[in-house]
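Encoded as structure tokens, the structure appears first; notes follow it.
No lab work stands behind these numbers, since they all come straight from the coordinates. Since the structure is predicted, the reported quantities are computational estimates derived from the model, not experimental observations. Cβ: placed from backbone, ideal geometry, glycine included. Neighbour counts: every protein chain shown.
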Amino acid sequence: MSTTTGETAPDRRIYQIIGADALSFLQGMTSNDVLPLAKAPGIVWTALLTPQGKYLADFFVVNTGEVLLLDIKDSIADSTLRRLSMYKLRSDVAFGPSDLSVTRGLGPAPQGALEDPRHPALGWRAYGAAGTAPQIDWDALRVTHLIPETGVELIPDDSYLLEHGFERLNGVNFRKGCYVGQEVTARMKHKTELRKGLVQVAITGAAPIGTEVRAGEKLVGRLFTQSGGRALAYLRLDQAQGEMTAQDATLRLV
């Protein structure tokens, strides 16, 4: 389903980012290169990590051409802003609440909208007045294109970026230099073969998000978002073979 006016994303919170050090501060804190936003309007998807390289939060940094914004899921907004404030020390940067709304849609984009940087199938995002009521099946799109969601597949203090597709989805930059958690992320990229990861599976039946996935008696991962006979699952890749189960549901790699 497409829309040209955009539907409101009710689970997002917007902050305005101000201060001379705003982008340089975020550059040293997060996984992606945000400095191009100093030159032109744009949108970057990036993540905040622990020093051990584990995921804490993901969000969009946006230059609308008028203001610099942080677009973040409301369930992690407070904890993320506390974490960023803890690190800012003497940096000239501040985050203030914004009355702008996030609208998003598929198909023709309105003037000023920005393409979702993760995947073309996710359409566009815009920042301004509220839009229509939500009506697009975003879970179906995420399952089809293997895109993790904050607080579902992406679990704070647990997930690793590369196991959840951040490189494929333009959420990490390996040329930008140091940031919190960079060393572990780079090591996973260059020195190890990923043995676990987020994959798409065919599913018969259904089970709650987070249900253990088993191959025979062996625990091989967990089941997450499900839609249209497909699902996202985080699996140990060398053991996820043949028919697997998640409670009463059966799964197979696709």
For a test of understanding, tell me how many lysine pairs in the chain have Cα atoms under 16 Å apart, given they are 8 or more places apart or on different chains. 4
What the Cα atoms of the stretch 7-144 span along the principal axes, largest first and in whole Å, is 43, 32, 24
What FRET efficiency do you get for R195 and S24 if R0 is 25 Å and r is their Cβ-Cβ distance, rounded to the nearest 0.05? 0.10
When the helix-only estimate is applied to the chain (DSSP H runs of n ≥ 4, each -39,500 (n - 2.57), divided by the residue count), what is the mean residue ellipticity at 222 nm, nearest 500 deg cm²/dmol? -4500 deg cm²/dmol
Only four residue types carry charge here, +1 at the Cβ of Lys and Arg and -1 at the Cβ of Asp and Glu. Report the dipole size of the chain about the Cα centre in Debye, rounded to the nearest 20. 640
Dipole check, the chain, charges on Cβ (K,R +1; D,E -1), about Cα centroid: among L251, V213, N32 the Cα furthest to the positive pole belongs to N32
Gained length - Q247 relative to D157, 0.36 nm times residue gap less alpha-carbon distance: 29.8 nm
How long is the gain from I209 to S85 if the chain were fully straight, where each residue apart is worth 0.36 nm and the alpha carbon distance is subtracted? 41.4 nm
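Based on the Kirkwood radius over alpha-carbon pairs, what value in µm²/s does the Stokes-Einstein equation return for the translational diffusion coefficient of the stretch 195-254 at 4 °C and 1.567 mPa s?
So the translational diffusion coefficient is about 120 µm²/s.
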So the FRET efficiency between S75 and A129, C-beta based with R0 = 35 Å and rounded to 0.05, is 0.90
At what distance in angstrom do the alpha carbon centres of the stretch 199-230 and the stretch 23-98 lie from each other? 33
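Given 25 °C and 0.890 mPa s, compute D for the chain with the Stokes-Einstein relation, Rh being the Kirkwood radius over Cα pairs; round to the nearest whole µm²/s.
128
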